[in-house]
Each structure stands twice: as C-alpha cells, then as structure tokens.
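The values are calculated or read from the model by the stated rules, or taken from the named source; none is laboratory data. From a predicted model like this one, the values you see are computed outputs, not experimental measurements. Positions of Cβ are backbone-derived with ideal geometry, glycine not excepted, and every protein chain shown enters the neighbour counts.
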Amino acid sequence: MGEFEELTLLAVRALGDHTYAVPVQQFVEEATGRNVSIGAIYAALSRLEAKGFVRSSIGEPTARRGGKPKRLYDVTSLGLRTAKALHRVRERIWNTIAEGGRS
Amino acid sequence: MKATRPPGLARMLLRLQPLGRRRAEVEADLGELFASRVEARGVRHARRRYYLDVLSVARIARFGFGGMRSAPDARESRRAFHLWRRAAPEIIQDLTYATRLLRRSPGAVTIAVGGLGIAIGVSASVFTFLNAVAFRSTGVIEPSSVVQVMRAYPNGIGDAWTYGDYVQLRESARTIRLEASLRDGARVSQTADRDGARSTSLTFVTGGYLSALSNRLFLGRMLMPFDDSPGAAPVAVLSHAWWSRRLGADPAVVGRPLWVNGTPFTVVGIAERGFTGTMDTPPAMWLPGATFHVVSGGSPLDRASSTTVGVLGRVAAGVSMAQAEAELSSIARQLSPQRESSGPESSMTRSGDRAQAFDEELVGVRFQPLASLGGKGRAQVAIVLVTVTTAIGLVLLLACVNVANLLLASAISREREIGVRLAIGASRGRLVRQLLTESLSLGLAGAVVGLLVMVWLVPILATIVRAPDSLDLAPDPGVLLFLAVTAILSAIGAGLAPARHASRGDLASPLRGAAARADGTGGRPTRLRSALIGVQAGASVLLLIMAALLTRGTMRAARVEVGFDAARLLVVTPAFGRGGSEAQARSYWSAARDLVQAVPGVEGASLASYPPFAGANEVTIFRRAGSRYTIFHNQTDSTYFRTIGLRTIRGRTFTDEEVATGANVVVISETVARDFFPGENPIGQSLARVIADSRDSIIGVVSNGMTARLRELSSAAIYRPMGELRAAKLVIRALDAPEPLVRAVRGAIEPVDPRITVDVQSVTDRLQREIAEPRALALLARVLAGIALGLALVGIYGVTTFVVGQRTQEIGVRLALGATARDVLTLLLADSLRPIGVGLAAGVLAALLTGRVVAGLLFGVSPVDPIAFAGAVLVLLGTATVAVILPTRSAASVNPSSVLRQL
C-alpha cells in the first residue's frame, strides 16, 4: 500500500461509513495541505477496492447532485487491519527514534 | 444570482472521456467540488481546479477507469522524459564535437560541403524543371472528362476547326459542353501606361472556357460568358507564371488596365498557380474571344468566321466518351463544307496541309486527352532533362559521397580515436550516432550551398532548354522538399560507410597502431575504392570533353563568317496578329518603308519574310540520294540582297515587277548551285531538279550567308519574290552603328498605324542571343568539369594515400629483399593508375556516344574533335598522375628497417 493509498484509506475511515469521493478529496487536501486532484482519489479508491481494503456501493440519488448517484465507500475489516498494522509498524519505529535509536 | 457553472470547454472535454458506467457519478462529483470551491475560494480558483480535475480524470480514464494500469503509465512517461533528459546533452555534445572537428580541417570540409552542395544544387535544379514540366498539377478539375475535339479525315486527324464550325457544333451538342480557344501573339505593356510593351503569347477563349477547366482562381474572377459578348468591356485573366515573372506578382494589377496591341484590357483575375489551360505552358493571359478582332485585326469571331480555333469539350456527367464522340461525329458530318484557300492561316509552306485538310471530307470527330495533361511534348522535354542532367547530377553525387567518405574515414584519421572511445566504454550505437551527427551537419551545410547553386543554375538551364517565359520555375514546396531529402540522403549515405566501419571495428588493433592493421582485411573496401576512382575518372573526362567541345564551339561561333555584314543591320517586326488582312499589310508597308528610308542614317530598307536570325520555321527537308538535305526558304523583295550584303555571283536578282506579280522565279545560294548543278550553269534551269514538281526557274545565284540560324551549318537557300506582306519584316542597313537608330526608326514607323506596335532589334543582338545558349551551356560544362576534376584530384589523392599506407609493410619487405625505390614506385604507380585508365576509357567512350546530343551546338566543331578529346584526356591524366605520385613517392622512400621492426 502506497502512501497516498494509505492516506485515502484513512480518510474514508475518518469520514465514517458511506462516504464518497468528494469529501475524501477535500479531507486529504486539508490534511496534507497540498492540491489533490479528483482523478488521483478515484485511482487510489479503485486500487484499494481491487486489493480488498475498501468496498463500494451505489448510493441513492440526492437532490443536491441534480438527481445523480454517488459511489459510497466503506473500509473493510481487512483494510482496517492493514491500516492498523502499518500504523503499529510506524509507531514502533518512532518509539525507537524517541529512545535515542538502537545502540 | 445566477448559478455559476463549470467552464464549458472543460465540461466538453469531460464528455469526451471514456467513463462508461461511472460517467454520471464523476460528473456529479466534479460539479459538487466546483460548487464548494466557488463558495470557499471564488470562481477563478474553482474553474482552474475544475480543469485540472478533468485532466486528472482523463489520465486515469484512458487505462480503464482507475485501474491498476495507471501506474505503469506514469512510469512510462517518466522513462521517456528521462531518456530525453539523458539524450539531449549527448546530442548537443555531438553537435559541438562535430563542429569542432569540422573546423579543424577547413580545407577538406570546404571541398566536401562544396561538392555535396553542387551535387544537391544540380539535382534540385533538374527536379525544378521536371516538377514544372511533368509533375505539377495543371489545375484542371476532373481532367478525365475533358477532351480536345479533333477533326477526323479519311487519312488523319487535325485539331483546327473554323470558328463557324465550332458555333454549329456547340449549338447542336447535348452530351458535351464545348469551348474554343485560339492562341496568338501580341505586344502587351507591363504597366498601366503604354510603355515597355513586349511580344507576348495570349489565348483568346470563349466565355465558359476557363470555368469548364477549373473552378479556382488565385485572385479576382474568371472570364464569364458575358465578357465574351460583342460590346462587352475588354477584360483579361492573367496566368500566374506571367504575372509573377513580368509583373512582380503585384496583386494591385487586378482592376487595372494593361495595353494589348494598344487596347486597354482590365485585369479581372489571376489564374491559379500551375494552371496552363489546354496547352503545355500557359499563355501570358486569357482574353475573351469577342475581343479577338480588336487586338489582332480582321473580322470578328462569329458564325461566319473562318478563323481557326482549337475546341475543348467537357463531357456531361453520366455520358460516356463514346456516346459524346458519336453525337459530335454525326453533327460534324452535316457541317457545310468549308473552302479555305486563302484563309488567314495560309502562309507559304505550312498552309498547304491545312487548306488541303479543310477540303477533305470530314468523317467525324475524335477525342484526345488534353496536351496539358501529360502530352507528348512534356514527355520529350522530360526525357532530355532526365538523360542529360541527372547523369551529371548522379555522377557528382557519387563523387561527393566519395569525398565525404574520405573525409570521415581517412582524412581525419579516426580509427584510433574511435578505438580509444570504444575501449573506455562508449557503446557502438553512441559512436554511430556521433558519426551520423557529423555527416548530417555536413549535409545541412551542403543543402544551403545547394540552394544557392540552384538559384544560380535554374536560369542558365532555362536558357539552355529554351524554357518559355511562362514556365513557372520558382521554387515551390515540392522542390524544397526534394532538396532537403537529397541533402539528408546524401549526408547519411556519406556517413554510413564510416559509421558501419566504426560499429564493427575491434578494440585492440586500432590501438596497436597503423602497421598492425595490414592484415589483409582491407581487401574488399580497397577494391570498392578503386572502382569509385575509376567512375570518378570516367565522369571527369566525360565532362572535360563536353566542356572542351562546347568551348571550342563558342569560340568558333564568335568568329563565324555569316557571309554578310551583320553589324550594321536592324530588323523591324510589327505585330499584325492573326487577324490582319493582306491589304492592310500592303498599305502599311508601302507607307512604312518610305518613312524609314527617310530617317537620317538609314542606307537602305528591304522586306523579307525571314530576316537574319529570325527563327527557323522555313526549314524544309528533302531527300536527295537517300540523305537529308536542308534548304532554307525565304521570300524577299528586289533590294534585300543588296541591303544585307549578299553578292550576286551569277545571273541577277528579282526586279520590282517580278516581286509585284509574284513571278515564278527563284534565286539560289552558291551551295545549292554547287550541290545540284555541279559544273553547270543553273541560270535559266528549272528548280524541279531541286524540288520535284516545282515550276520555278532559276534566275540568279547569290553568295552564301548564314541567315537562318547560326548552328545550322548548311547555307543552302532558295529565295522567292516576296508574296505575302503580312508575314514580312523590314531589314534596315544603317550607315553607321545601328543602335542609335532604333528610336528614330520606331518613331518613324509607329504613327503609320498606332494599333500596331513594332519591335526594333539589331541583328547583332539576335546573333548574340543565338550564341547565348551554347555559351551558357559551355560555361555550365566548364564549371561542372572543373568541379569534377577537383573532386577527382581529391578522391584519387585520398584513396591512393590510404591504399599505399596499407601497403607500407609490403613495401618495406620488398625493399629489404632488394627491390629499388624505383621498382617500388613503378609498381605502385601502375597499380593506382590502372583503375583510372579503365575509367578514362569508359569516359571517352561515353563522350563519343553523347557527342551527338550536343552536336547541334558546336558550330562546325566535330563532335569527335580530336583536339578536345586529347586535351581532356591529357588534363585528366596529368591531374591523376600528380594525385597518385605525391603519396606514392613518400611511401616508396620508407625506411625498410623501421618497417621490419614493427612486424
């Protein structure tokens, strides 16, 4: 899982279940402080889905979007475990750094 | 407040993406993002981001939406970018290296670039002609349905119809649209005022003629049917070539008048470039047929007109050629028979066939493809050009390849350097790239030189092949493309051999030094080099012989005895045009002659149909004892012989009465008397012995004079009393130099009939023009021969150096075993000169064969002139010997012990 995919996965998780591409894009942009294109989000979501980390479903059309549907994403348990594992790896490394490194 | 929408262009781009099932979702997402950004950061920001988003979607959409395959995409483009980042400095490096290298040997580079440039220039010049004559489109739309309508007789076909016949055909034809044209000459001014009129070819056409052939114009409008009605304002459409060449391509001429034989014609259009109408070459302009009698005199073109025209047809859509031909044939057979014994076209010899043709029974109509769509004339010109000039171009190209080869392979001795580079890790591809960069730089420089050569050469070639004024020879994209392709190909060709050599070389031997290379692997290239040397020697000797022949010819022409005093003669040619009547000409001349004779400084003035050097239409060929015999026919008045200075040898010349009545008497030249009446007195005899069926009797013999064309060596001539004055020109003998008289003569003669403009020229001018062509050709041949000789010298020198260098070891061994330096020198000379000898022999043989081609330009120098041949062979042998001896001598003086130590 690449860095950008990880960020996207975490964004989906942070935004709660049944989120879609637009809030994810806004979240990632805000969190990283750099411009993120919607295409990159689509690509990352598709790859995450192919790896089984997220799953998508077509949501109900809403009036706000002119009656057009949206694709809703949920993080799968596999995705969550993988993200947590990644996080733990990083945490261990940071802890090592904080203790002054390995002697 | 109006809702802000995403930019339309971006939305359109989005619609073009292959989004499939996800289209609605993506569009909604993007719209939502846009709306929220407008709120947060303003419209400008939102729009910009929208564009970027659309592009980002486009990028992933191409690889299956959001699929895994978008990753290699990015990697690929990154790789291409890195490749370029790595290659760019290399290319710049190669270029810098190439220029530095080329600057190091300026002499060799000058020769290589010059040679390459000349070869490219010559080839491109030839192509310019081919392009203008054969390749360029004629601008005729749907040429397959356009035909020339011919008359068919029991034994032949002809292209001339009377205008009356044409009108009848046109009115009855249903399956084909017919238009008529007739070509004529007139004097046309080149400015809106009447000054500077020149003789120009023009075509009178019916109103629908131009639009039947083409639907496009360069500028302005076509001639229309209403222009071709009696009383319409006189208008003209100019050909692009004439407009460019004579009027400097000035678009402002449209709407302005030009004076044609004294009548103002408003220019309404310029034809498309390359449009020639029904002919091979375009006229200066197309004028409405209704103005024919105004310009050329005579009767107007109408139902009763017997003026002859060419008829063009465009077959209607859905009608077959055979149907149209059948319909026209049946109409033509019902045409009232014409009697055309004294029509406007009847001049002395040629009219015979035509008048006869009109008497013959018309059996129908035949269609022929248009001359301008690849007729016989074009093919012939193309053949001459191809055979003569491409030969030269190819030979030069070969020579240049050789020079470039030498330049790259040995002159700048590279092998060691290449070996070093290979040894320290350069890839072979990298080396080849560098060598090709070098030769392409040479090619680029060669192309620039070639362009200059072409600019210089094309007008000279135009003089040589007598290209008509209206032939469009300005370089067009096709010519430039040809030039570029030739340059690139010859550069690559020149660079290929050394590049291949480099890419195959082994690492060790170049580093070990020159002596180590002599292991016999050089056998095949050496033989190839010998063959190239032979070809070069042959081509040079061929060009040298041509140059020598032509130079001797022009030198002789400058001294040629024309048989009369040409220096003090002027010729006055009036532009009567085709429509002028005989009576009109008669009254014109009787007035004009007296007026001219009254001009101070004029000694005498006489009429003749062919004054000195005024063309050769009068040539007639007879067969006498199975061989060709050419006699010039001329018609003169009683004083002509005295005026131009031909002596009466026997008998007498014409009396005024004989001229007035057109008596059956002739005067012959000395040559005719000698050839047909050897040892007899021809006076009082019948001309029948010379021309069968002739009823004329010979009354006098005059001295020989070359009055027709300088290059025709025969001075056989028959003079008849001046019959038709419409074809007459006035010859004036001045008391002193004739040039100052030109103005006075023009001033005296023009008031006789202001509609008829006159051309006054000195015979010396005409003579100069007669010599101009061979002189230009001689210059060209000398230049080419000089270049070829220089190239041969360089090539032979270089190759000999290379070959002898490879044999250093062998020479050392020979010397050590007891051979003298003299023996070695003889051996090396013999080996090197052998291929040159073979090439020389081939070149001489080729010269013997091609001599006939230029025989007509040699003014009495034989095409197998021994002096020219011997001179050329000696010059080449001398040059070749020098080129061979220099490197050979230094090789023969090698120290055997130092060579043997290297073994």
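Couple of notes before you dig in:
- Hits in segment B:4-52 - residues which are on the phi < 0 side of the Ramachandran plot and outside any helix (DSSP H, G or I): B:Thr4, B:Arg5, B:Pro6, B:Pro7, B:Leu16, B:Gln17, B:Pro18, B:Leu19
- Looking across segment B:20-41, the residues that are more than 10 Å from chain A (Cβ to nearest Cβ) and surrounded by fewer than 18 Cβ atoms within 10 Å (Cβ to Cβ) come down to B:Gly20, B:Glu39, B:Arg41.
- Of the residues making up segment B:203-259, just one is free of Cβ contacts under 8 Å to residues at least 12 places away in the same chain and part of a helix (DSSP H, G or I), namely B:Ala252.
- Members of segment B:666-684 found to be assigned to a loop (DSSP other than H, G, I, E, B) and surrounded by 16 or more Cβ atoms within 10 Å (Cβ to Cβ), listed by number: B:Phe677, B:Pro682, B:Ile683
- Residue ID - modelled with the highest pLDDT, chosen from residues in segment B:845-903 that are within 30 Å of B:Gln809 (Cβ to Cβ) and of a type in the set (D, E, K, R): B:Arg889
- Sole residue being more than 10 Å from chain B (Cβ to nearest Cβ), out of contact with any Cys (no Cβ under 9 Å at 6 or more places or on another chain), over 22 Å from B:Arg48 (Cβ atoms) and in a strand (DSSP E or B), chosen from A:Asp74, A:Asp17: A:Asp74
- The selection criterion, being under 21 Å from A:Arg34 (Cβ atoms) and at pLDDT 80 or above, holds for B:Arg44.
- Qualifying positions in segment B:254-289 - within 12 Å of B:Leu219 (Cβ to Cβ) and modelled with pLDDT of 85 or more: B:Val254, B:Gly255, B:Val267, B:Val268, B:Gly269, B:Ile270, B:Ala271
- Among the criteria (1) among the aliphatic types (A, V, I, L, M); (2) over 30 Å from the mean Cα position of the chain (by Cα); (3) buried (at least 19 other Cβ atoms within 10 Å of the Cβ), the one B:Met224 does not fulfil is (3).
- Single unsatisfied condition, B:Gln323 versus (1) more than 31 Å from the chain's Cα centre (by Cα); (2) modelled with pLDDT under 85; (3) surrounded by fewer than 21 Cβ atoms within 10 Å (Cβ to Cβ): (2)
- Residues of segment A:12-44 that are within 18 Å of A:Ala83 (Cα to Cα) and of a type in the set (Phe, Trp, Tyr): A:Phe27 alone.
- Taken as a whole, segment B:816-834 holds at least one residue that is farther than 28 Å from B:Met555 by Cα and basic (Lys, Arg).
- Of the residues examined, B:Ala134 is one that is assigned to a helix (DSSP H, G or I), touching a Gly at 6+ places or on another chain (Cβ under 8 Å) and modelled with pLDDT under 75.
- Of residues in segment A:20-40 being crowded, with 18+ Cβ neighbours inside 10 Å and among the polar types (S, T, N, Q), the one nearest to the other protein chains (Cβ to nearest Cβ): A:Ser37
- Failed item in (1) within 13 Å of chain B (Cβ to nearest Cβ); (2) surrounded by fewer than 20 Cβ atoms within 10 Å (Cβ to Cβ); (3) of a type in the set (Lys, Arg); (4) within 26 Å of A:Arg81 (Cβ to Cβ), with A:Arg47 passing the rest: (2)
- Qualifying residue in segment B:185-202 (condition: outside any helix (DSSP H, G or I), crowded, with 19+ Cβ neighbours inside 10 Å, within 30 Å of the chain's Cα centre (by Cα) and modelled with pLDDT of 80 or more): yes
- For B:Thr757, the criteria (1) at pLDDT 80 or above; (2) in contact with a strand residue (DSSP E or B) (Cβ under 7 Å, 6 or more places away or on another chain) hold in every case but one, which is (1).
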